[in-house]
Amino acid sequence: MPDQDKPAEGAAKAAAQRAAEAAKAAEAASAAGAVEGAEPLHAAAGTSTGPGASAAEIEYAAALLDAGELVAFPTETVYGLGGDAQSPDAVARIYAAKGRPANHPVIVHLAPHGDPGYWVEHLPPEALRLIDAFWPGPLTLILKRAARIPAAVSGGQDSVGLRCPSHPVAQALLEAFSALRGGHGGVAAPSANRFGHVSPTTAQHVRDEFGGSIHVLDGGSSDVGIESTILDLSRGFPALLRPGRVTPQDIAEVLGEAPRLPDGSDATAPRASGTLKAHYAPRTPLALLPFEALEPMLAAREANERVALVARVSRAGRWADADGVHFIAAPEDPHVYARELYGLLRALDRANVTRILIEKLPDTIEWIAVNDRLGRAAAAFEAQG
Ligand code: TXA
Ligand code: MG
């Protein structure tokens, strides 16, 4: 029933009704085991080990977003905690759930058929080339925000971060929500963890963070495992704000120019430390050092102490089976390491060890993203002294 007098209220009512209908459909679907004619949206091979999400579940989650609620959803990088990007209330709800300061910008996730131009003042040719090369995928672009987009989504800054994820469950959710908004819906989503903690790469990780208070779509394990590469194009030159699976060289190949690091240096050169900030931390104290520096710490451990050691097998030598050492063989491949990293840090928090000692990886471009996350996790404890 249309409600001409109070369009906002009418829209809210309609959204609530859609949510209720979708909930009923989802319930019926799970009772029947499937929705007729609706195949579960399994992630592409290698992306998901989980159950996927049925069309009814997607519809229900999109209706929740439409009603201003939050939904956690899988992406190929990490799970996101999503809310309507154009609703300052929904964005405020995200900050509250995470315990995150409200001046931190969040990334807006767009459907594959979404229009990035709607969200920005102007789409420069470099952005178009990068979108062409890397979307859908783990690259976030920071651009000047369009006046129509609420400042809340970027913590008051004049820019906006945009990304189109490749995970099929994320894409289905984004398409469904966008359709409810005439093709212009976007979902603001930081990683679905409490502020400063390790990002989630499975639906269970999200439940571990928030208990039952957040609706979670399960899309299996995230394939990339660490957050997207963030490239700032809003300053007149490309600047790498966060390394990820899309490397500085990948970007340089498309732009014909290497992105800069926040300190002004070339991002394809070996990375200077010191720009690291505490983040992504487990609860157990963690030290990140070259293996030679870890050995004296292992040798000096207390007799009754149990420490975790994460190092490449090729380095660990006799420490791999020393008493009181909980040894984890670190993956030798950077992509595999990234995929397993956050799950490993969560597991080590439950491993009943006093300290986590991690071998620092080589200071080469292929390890830049893993070293970045490990460095931030370690910095959380260096900061405490
Ligand atoms: O892989 C990812 O990017 C995941 C998944 C869920 O997509 N999301 C994610 O979001 O990592 P979050 O909130 O944990 O990281 C967002 C970061 C901010 O802390 C900030 O560094 C940067 O993205 N960012 C977002 N919008 C920005 C803006 N307008 N200006 C500058 N930095 C921005
Ligand atoms: Mg995060």
Find the centroid of the Cα atoms in region 284-349 and in region 144-221, then give the distance between the two in whole Å. 33
How far is it, in nm, from the label point at Ala179 to the one at Phe237 when both lie 7 Å from their Cα along the line to the Cβ? 4.5
Kindly put Val353, Val336 in sequence by how many other C-beta atoms sit within 10 Å of each C-beta, fewest to most. Val336, Val353
Could you quote the convex hull projected area for region 52-193, Cα atoms only and averaged over all directions, in nm²? 7.5
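What dipole magnitude, in Debye to the nearest 20, does region 286-384 give about its Cα centre under +1 on Lys/Arg Cβ and -1 on Asp/Glu Cβ?
With only Lys, Arg, Asp and Glu charged at Cβ, the dipole is about 260 debye.
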Most exposed first, judged by fewest Cβ atoms within 10 angstrom, Thr229, Thr268 run Thr268, Thr229
Which whole-number percent is the relative contact order of region 106-161 (Cα, under 8 Å, 6+ apart)? 46
Need one number: convex hull volume per residue for region 286-384, Cα atoms only, in Å³. 98
Under a Cβ-Cβ cut-off of 10 Å, what is the net charge of the residues other than Val307 that fall near it, where Lys and Arg count +1 and Asp and Glu count -1? +1
What ranking do His167, His104 get, fewest neighbouring Cβ atoms within 10 angstrom at the top? His104, His167
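When a/c reaches 1.5 or more, the comparison of a/b and b/c decides; with that in mind, is region 116-191 rounded, prolate or oblate per its Cα gyration tensor?
The shape class here is oblate.
Values quoted throughout were computed directly from the atomic coordinates according to the rules given, and no laboratory measurement underlies them. Bear in mind the structure is a predicted one, so any value in this text is a computation, not a measurement. For neighbour counting, all protein chains shown are included, and Cβ atoms are generated from backbone atoms with ideal geometry for every residue, glycine included.
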